[in-house]
Amino acid sequence: MPVDLPPVTRNLLIANVAVFFLQYVAGQFLLLHFALWPLGSGLFEVWQIVTSAFMHGSITHIAFNMLALYMFGGTIERTFGAREFTIYYFTCAIVASLLQLAVLWFFPPPQYGPTLGASGAIFGLLLAFGMLYPHEKVMLIFLPIPMPAWLFVILYAAAELTMGVTGIEPGVAHFAHLGGMLGGLVLIQYWRGRLPWKPRRRLLR
């Protein structure tokens, strides 16, 4: 567990917690204007693609997300550097929102509500940790079995895909989680120079 958090991770933690408390002060206003509403709902605004990643639906929701940010964010930020870590975090959050919007557009549910939470960006961090530190041991809180990070990430992604397709766990934005992973995967591969479009300099091994 990290003791000293680098600045971007620390500021993201502070921002998420501050917005969570602000939600209780502002009531439904923040939910209506800054959570991610489906296209065609009459409530969608483009800024929600980013702002929804700073909102949460419950104490449990934000607690799990912030615990993961605390555990993995500092390590990834030190690996990437502050600038690239910021780009990475928001890329994952944005791709998560875009995939969620696309899924809801093509497969509209009987009832719709807003999507909110940092989970897309958090799943991007998990993906980065699994790719950069594949042999580090990690485990789920409710399943205390140590496993290598690469296996943890693959199993988690497979579970999210299964639940998203089958609807086993409704009310959870599984495709937003997968979108965060997808955004992270593409960006890391780009930085590694493994895509047709090459970066000016490779940032990762």
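The values are calculated or read from the model by the stated rules, or taken from the named source; none is laboratory data. Note that the coordinates shown come from a computational prediction; the quantities given were computed from them, not determined experimentally. Cβ placement follows ideal geometry from the backbone for every residue including glycine, while neighbour counts extend to all protein chains displayed. Side chains are part of the model used for accessible areas, which takes the heavy atoms of the whole protein and leaves out ligands, DNA and RNA. Shrake-Rupley method; radii C 1.70, N 1.55, O 1.52, S 1.80 Å.
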Practice item. Provide the solvent-accessible area of residue 194, counting protein heavy atoms only and rolling a 1.4 Å probe, rounded to the nearest 10 Å². Key: 140
Exercise for review: Express in Å², to the nearest 10, the accessible area of residue 106 obtained by rolling a 1.4 Å probe over the protein heavy atoms while all chains stay in place.
Suggested key: 150
Review point. How much length is gained if the chain between residue 139 and residue 22 is pulled fully straight, taking 0.36 nm per residue apart and subtracting their Cα-Cα distance, in nm to one decimal?
Key: 38.9 nm
Revision key, fill the gap. One checks the Cα atoms of segment 49-166 and finds Rg and Dmax, in Å, of 14.8, 44
Practice item. Kindly report, to the nearest 10 Å², the accessible surface of residue 139 as traced by a 1.4 Å probe over protein heavy atoms only. Key: 100
Exercise for review: For an R0 of 35 angstrom, estimate the FRET efficiency from the Cβ-Cβ distance between residue 112 and residue 151 and round to the nearest 0.05.
Suggested key: 0.50
Revision key, fill the gap. Largest first and rounded to whole Å, the semi-axes √(5λ) derived from the alpha carbon gyration tensor of segment 15-93 read 25, 17, 9
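Multiplying the sequence separation of residue 63 and residue 200 by 0.36 nm and subtracting their Cα-Cα distance, what value in nm do you get?
Working: separation 137, 0.36 × 137 = 49.32 nm, distance 3.79 nm.
Additional length available on full extension: 45.5 nm.
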Practice item. Note the angle between two axes, namely the Cα long axis of helix 174-191 and the longest principal axis of the Cα atoms of the chain, as a number of degrees from 0 to 90, rounded to the nearest 10. Key: 40
Check your understanding: How far is helix 119-132 tilted, in degrees, relative to the longest principal axis of the Cα atoms in the chain, given as a value from 0 to 90 rounded to the nearest 10?
Key -> 10
Check your understanding: Just the Cα atoms of the chain: what Rg and Dmax do they give in Å?
Key -> 16.7, 48
**Study point:** Acute angle (nearest 10 degrees) that the helix 7-26 long axis makes with the longest principal axis of the chain, alpha-carbon atoms
**Key:** 10
